[in-house]
Amino acid sequence: MISPNAIVQTQTIGLNVDIAEFAIVRPDVRIGNNVVIHPYVVIETGVEIDDGVEIFPGAYIGKEPKGAGALARKPVFERHLFIGRNCSIGPHAVLYFDVIIGESSLIGDGASIREQSRIGSRTVVGRYVTINYNTQIGDEVKIMDHAWLAGNMTVGNKVFISGGVLTANDNAIGLQGYSAQAVIGPEIQDGAAIGVGAVLLPGVTVGRGAIVGAGAVVSRDIEPHTLVMGIPARLVKKLGE
């Protein structure tokens, strides 16, 4: 059912689709079957929504990244966004162009996902999480509320990132401008877990199955299957695989 108070400019709409009042769907949006679009959602041209997706009120799908002359890095993106089947997009989430979200993933209330980012399947992005540009996230990942993931960052499969985790990608703190070779975020490998409030500094690698304790500051690489804690983070013990 399409509300008469919605603005729907696309012709590519599947079966059993609900579009509520005051939603705006631009031309050339592709909507699959059994999709629910709640009030005040805005979906821009170039977005593709697979079957069974639900988008809650106030979400903005397909935002164009613009620097307004203030960014050191010129945004690079394609005007396409794909949301996989059976995903849920929370109220007031903002998804930029050039984002792909795998099937059965949850994007929480107020989350922001920047251009060139890829989110795997069965992944949870919690409330008010920020995922910056060119961040690659695997399958079955859980990113808890208010975490901040830097641009040019990689997260493997089955990773757990607790609430309030912060990451960085520039050791020069912006003083030397932007260089894709120098501005690199952390890499968190498969099965690792990051404790609440931890800080990961630019370019560090958290090895497969490692655990970073709450509040730790990771300033160098962490070996696989180890527990680290403290400021700076230091080895506490090795873990069984």
When THR45 is run through (1) in contact with a Phe, Trp or Tyr (Cβ under 6 Å, 6 or more places away or on another chain); (2) farther than 19 Å from ASP109 by Cα; (3) not aromatic (Phe, Trp, Tyr), the failure sits at (1)
Take the conditions buried (at least 21 other Cβ atoms within 10 Å of the Cβ) and farther than 19 Å from GLY151 by Cβ and apply them to ILE113. Does it pass?
no
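Do you know which residues across segment 111-126 are charged (D, E, K, R) and over 11 Å from the mean Cα position of the chain (by Cα)? Even if it seems obvious, please write down each step before you answer.
Initially, segment 111-126 is screened for residues charged (D, E, K, R), giving 114-115, 118, 122.
Once the filter is applied, which keeps residues that are charged (D, E, K, R) and over 11 Å from the mean Cα position of the chain (by Cα), segment 111-126 yields only ARG122.
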Of the residues in segment 35-53, those that are more than 18 Å from HIS92 (Cβ to Cβ) and in contact with a Lys or Arg (Cβ under 9 Å, 6 or more places away or on another chain) come to THR45, GLY46, GLU48, ASP50, ASP51, GLY52
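Quick one: which of GLY177, GLY197 is closer than 22 Å to ALA216 by Cβ and not β-branched (Val, Ile, Thr)? Step through it out loud before you land on a result.
Values: GLY177 fails: closer than 22 Å to ALA216 by Cβ.
Being closer than 22 Å to ALA216 by Cβ and not β-branched (Val, Ile, Thr) holds for just one of GLY177, GLY197, which is GLY197.
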Among residues of segment 22-66 being part of a loop (DSSP other than H, G, I, E, B) and aliphatic (A, V, I, L, M), the residue nearest to ALA6 (Cα to Cα) is ALA23
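Which count do you get for residues in segment 48-85 that are among the hydroxyl-bearing types (Ser, Thr, Tyr) and more than 18 Å from ALA111 (Cα to Cα)?
Kept after step one, since they are among the hydroxyl-bearing types (Ser, Thr, Tyr), are these residues of segment 48-85: 60.
Narrowing the set further to residues that are more than 18 Å from ALA111 (Cα to Cα) leaves none.
Count: 0.
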Here the qualifying pairs (Cβ atoms under 7 Å; residues six or more apart or on different chains; first in segment 9-20 and buried (at least 17 other Cβ atoms within 10 Å of the Cβ); second small (Gly, Ala, Ser)) come out as ILE19/SER3; ILE19/ALA6; ALA20/SER3; ALA20/ALA6
Filtering segment 68-83 down to residues that are more than 19 Å from the chain's Cα centre (by Cα) and modelled with pLDDT of 75 or more yields LYS74
*GLU223 being at pLDDT 95 or above and either touching a helix residue (DSSP H, G or I) at 6+ places or on another chain (Cβ under 6 Å) or surrounded by 18 or more Cβ atoms within 10 Å (Cβ to Cβ) (or both)*: no
- Looking at THR123, is it surrounded by 22 or more Cβ atoms within 10 Å (Cβ to Cβ), modelled with pLDDT of 95 or more, farther than 20 Å from ILE37 by Cβ and out of contact with any Asp or Glu (no Cβ under 9 Å at 6 or more places or on another chain)? no
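Condition test on THR205, is it buried (at least 17 other Cβ atoms within 10 Å of the Cβ), among the polar types (S, T, N, Q) and either within 30 Å of GLY69 (Cβ to Cβ) or modelled with pLDDT under 95 (or both)? It would help to see each step written out before you state the result.
Details: buried (at least 17 other Cβ atoms within 10 Å of the Cβ): yes; among the polar types (S, T, N, Q): yes; either within 30 Å of GLY69 (Cβ to Cβ) or modelled with pLDDT under 95 (or both): no.
No.
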Exercise. Do we find a residue being farther than 20 Å from ARG127 by Cα and either of a type in the set (A, V, I, L, M) or in contact with a Phe, Trp or Tyr (Cβ under 8 Å, 6 or more places away or on another chain) (or both) anywhere in segment 103-114?
Worked result: no
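Hey, among THR130, THR167, which residue is under 24 Å from VAL47 (Cβ atoms), surrounded by 17 or more Cβ atoms within 10 Å (Cβ to Cβ) and among the hydroxyl-bearing types (Ser, Thr, Tyr)? Lay out the reasoning, then the answer.
On the way: THR167 fails: under 24 Å from VAL47 (Cβ atoms).
Just a single option satisfies the conditions, and that option is THR130.
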From the option list VAL141, VAL159, VAL155, VAL218, single residue qualifying as more than 19 Å from the chain's Cα centre (by Cα), modelled with pLDDT of 95 or more and closer than 26 Å to VAL236 by Cβ is VAL218
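The values are calculated or read from the model by the stated rules, or taken from the named source; none is laboratory data. The model shown is predicted, which means the values in this text are computed figures rather than measured ones. Note that each Cβ is placed from the backbone with ideal geometry, even for glycine, and that neighbours are counted across all protein chains shown.
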